[in-house]
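First the structure, in the form of C-alpha cells, and then the observations on it.
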Amino acid sequence: MVGWLKQRVFPIISFLTIELDDDHRDGLRLLARLVWSRRLLMASILGLNFLSAVFEGGTMGILVYAVSILIDQGAFDLGQKIGFGAEFLDFSLPEISRGGLFLILVLAAVVAQVMKSALVYGGKRLSIRLQFAVAVEMQALATNHAMSFSYAEISSYSGGALGTRIGQAGQFGSLVTLANTAMLSIFMTMGYLTFMIAMSPILSVAALGVVIFLALTLQFTVSLLKDLGAAAAKDSVLEGQVTFQFLQAGRLLRVLNVTEFAGASINALRRRVFDARMRMSYITAWMDPLIDAITISAGGAFLLLGFVLAGESAAEVIPKLLLFLLVLNRMMPQMKNLNQCRMGFIKDLAMVKLVVDLLRKDGKTFLRQGGETPERFSDEIIFDNVSFKYPQTTDYVLRDVSFSLKKGKVLALVGISGAGKSTVADLLLGLYEVSNGRILVDGNNLNMINRDWWSSQIGVVDQDIFLLNTTVAKNIAFAAEDYSLQEIMVAARAAFAHDFISTLSDGYETIIGDRGHKLSGGQVQRLGLARALLREPKILLLDEATSSLDSESEQMIQQTIEGMHEERTLLIIAHRLSTIKYADEIVVLDHGRVIERGSLTDLLSQDGQFAKVWHLQHSPV
C-alpha cells in the first residue's frame, strides 16, 4: 500500500514534498531547535499569518455577499440576508437600501484588506527578526565549532573553504523566511479554498484539477534545480578558496608576473558559479508566466463552460463565476509563492549539506579539554622514544626520538630541511599527539596535562610571524586586552624592539599594514619575540626565529637569548648554527632520527654531520 502511494499519489502532490537525505534532515533538525528556542517569536509570526488569512477570507466573503445583493432581483430583506444579528442591524440600519448596504460592505472589505496588510507586515517584520537571529547564531555556532578543531583537523581545510562554509551557515536564516512565506501562503490558500467550496464545490474540484496539472507540469524541474544547486554550492566553496589563496599571495604573483593567470583562474570559477545560478534563474523565471497562462486559460474555460451550461440564466450565473474567478485569481499568487519557496528551499539544500558536514563531529578531532593542572613547571621535559606520522599518511616523520630538556637550560635542535625539527616543536606545543612513545613534563604525560595551563607555560617565536593589520601594541598583545601599555613596552624592550617602535610615525599606535608589510623582517621577528615575552612563559620555543634576520637583528636576538639563560627554559630550532652557541646541549636530527647529541665542543670534536655543517658555515670567504 505504501509503495502504491509513493508511486501513484505522491507524485501528484510532489510540489509539497522534497526528497531529503540524512544531512538535510540533520540540518533541518538543527534549524528547528534554533527556532524552538525562540518559540514565542515563532508563535507570534504564526498568529499574525493566521489572522492575515482570516481578514483576507473576510474580505472575499464580504465582497461575495455584496455582489449577491446587487444581482439578487427579488425583494430585499436585510434580516433574511444576514440571519444572525438581524435584529441589531434592523435597529441600527432600519431604512438602509440595497445600494447603501452594498457601499457599506465594500467599505468593510477595504477596512478588512487594510487590516490584513498591516498583519502581513507585522508577520514579515517578526520573521525578519527571527531570520537574522538564526543567521547570527548559526554563524557563531559554525565559527565556535571550527575554533574547537584540533590543529590537525583545521589544517585539513583551506582558509577560503572554511570561511565560505562559515559564511554559508548564515544562509540558514533564509530558510526561516522561506518557511514563513510558505506558511502565510498555506493559510491564505486554505481560506480561499474554503470560500471556493462554499460558492461551488463542482468548480472547486475543477480548480483543483488545474492545480494538479500545474504541479505535474513543474515537477520535472525539481531534480534539475537540485543538481544545479549542488554544483553552484561546490563551485562557490572552491571559488572562495582560490580567491583567498591568490589574494594572500599578492607579492608572489607580481614577482612571478602571473597576476593575469590568477585573475583568470578566479574569474573562471566565478563564471561557473554564475552560470549554474543563471540557469537556475532561467528555470524559475518561466514558472510565473506559465502559471499565469494556465490560470487565465482555466478562467476563460470556466466562463465559457458556465455560459454554455447556464443558457437563459447566464446573466445570473456569469457574475457568480466572475466572483469565483476573482477568488481563484487571488489564490494563484499564493500557489506561486509556495512553488517559489519550494524552489528556493531546493537551491538551499546544497548549502545545508555543506554546513552540516562542517558541524558534524564524526571523524573529526578537537582540542583536548580538561586534564591535570600542575602547580608549575619545575624539572624537565622528556621526549621518550617519540615517533610520529601525520593523519591519513603512512610514513613516519619522526622515529624513536629521545632527548630531555632541563629547566633553565638551552637545548638546540638542528638538522637539514625535512629532518623533523618543526614537527618536534608542534608535538611539544600539543598541536599533534604522538603516534608512539611519550612526551613527559615533570613526569606527567603531556596528553594528560590541561591544555590551557600548558599554553600559559610556553611561548613561541616562529620563522613566519603572523601580524594583524592593526597597531603595534595590539599585535604584541594579540587578542589579550588585560595588558597595559607599560607591560607591552617592557616586553618590547626585552626583545630589543622598543627603539625602532619609537621611531615609527605613531609609536605603539602605528598601523603596520597587512601581515606587517610596513616593517622589515628583523622588526617583524622582534615583535614576535615581544609578543612571546609579554606572557612571561617559563619555556620559550624559537623555531627558526633568526633565519631571515640581518646580522644586527640576529645579534639582538642572541643578546635576548643570552639574557634569558637560566631564567627561562629554551628550545631553539635553527639552520644557522651561529644562533646556538649558548646551547647547553645540541640534538642533531636527520630524516626523523637523532643522529648526534652533545655540547658544541663535543659535537665539533666528533667530526660528524654537525661539525661539517659548522665548519661550512664558519669557513672564511
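All of the numbers you see were taken from the coordinates with simple rules; none came from a lab. In this text, all values refer to a predicted model and were calculated from it rather than measured experimentally. Methodologically, a virtual Cβ is constructed for each residue, glycine included, from the backbone with ideal geometry; neighbour enumeration extends over all protein chains shown.
Below 12 angstrom from the Cβ of Gly363, what's the summed charge of the other residues (Lys, Arg +1; Asp, Glu -1)? Could the numbers behind the result be given before it?
Working: positive: Arg360, Lys361, Lys364; negative: Glu153, Asp357, Asp362.
Local charge sum for Gly363: 0.
Given contacts defined as C-alpha pairs under 8 Å and at least six residues apart, what's the relative contact order of segment 380-618, whole-number percent? Intermediate values should be presented prior to the final figure.
Numbers: 441 pairs, mean separation 66.3, N = 239.
Relative contact order of segment 380-618: 28 percent.
May I ask you to work out the translational diffusion coefficient for segment 442-536 at 10 °C, viscosity 1.306 mPa s, via Stokes-Einstein with Rh from the Kirkwood sum over Cα pairs, reported in whole µm²/s? Numbers along the way, then the final one.
Values: Rh = 13.9 Å.
The Stokes-Einstein estimate is 114 µm²/s.
Take the alpha carbon atoms of segment 582-621, find their center, do the same for segment 483-500, and report the distance between the two centers in whole angstrom.
Distance between centres, Cα-based: 34 Å.
Sort the following peptides by mean Cβ neighbour count (other Cβ atoms within 10 Å, averaged over residues), highest first: 500-513, 129-142, 364-377. Walk me through the numbers on the way to the answer.
Details: 500-513: 15.0, 129-142: 18.3, 364-377: 12.9.
Ranked from most to least packed, the peptides come out as 129-142, 500-513, 364-377.
Take the cross-link list Lys474/Lys581; Lys361/Lys474; Lys421/Lys538 and give me the ones stretching past 31 Å between alpha-carbons. Show your work: numbers first, answer last.
On the way: Lys474/Lys581 33 Å; Lys361/Lys474 34 Å; Lys421/Lys538 21 Å.
Long pairs (Cα-Cα over 31 Å): Lys474/Lys581; Lys361/Lys474.
Projecting each Cα onto the charge dipole of segment 380-618 (Lys/Arg +1, Asp/Glu -1 at the beta carbon, about the Cα centre), which of Tyr432, Thr393, Gln558 comes out farthest on the positive side?
It is Thr393.
So how do Glu562, Glu585, Glu487, Glu56 line up by other beta-carbon neighbours within 10 Å, fewest first? List each step's numbers first, then the result.
On the way: Glu562 11, Glu585 19, Glu487 14, Glu56 25.
Least crowded to most crowded, the residues run Glu562, Glu487, Glu585, Glu56.
So, counting K/R as plus one and D/E as minus one, what does the shell of residues with Cβ under 11 Å around Arg38 add up to? It would help to have the intermediate numbers written out before the result.
Details: positive: Arg33, Arg39, Arg129; negative: Glu137.
Net charge around Arg38: +2.
Would you please put 168-176, 390-398, 418-426 in order of how densely packed they are, using the mean number of other Cβ atoms within 10 angstrom per residue and starting with the highest? Before the final figure, lay out each step's value.
Working: 168-176: 22.4, 390-398: 12.8, 418-426: 20.0.
Result, highest mean Cβ count within 10 Å first: 168-176, 418-426, 390-398.
Label-point separation (nm) for Glu562 and Asp590, each offset 7 Å from Cα along Cα-to-Cβ?
Spacing of the two 7 Å Cα→Cβ label points: 3.2 nm.
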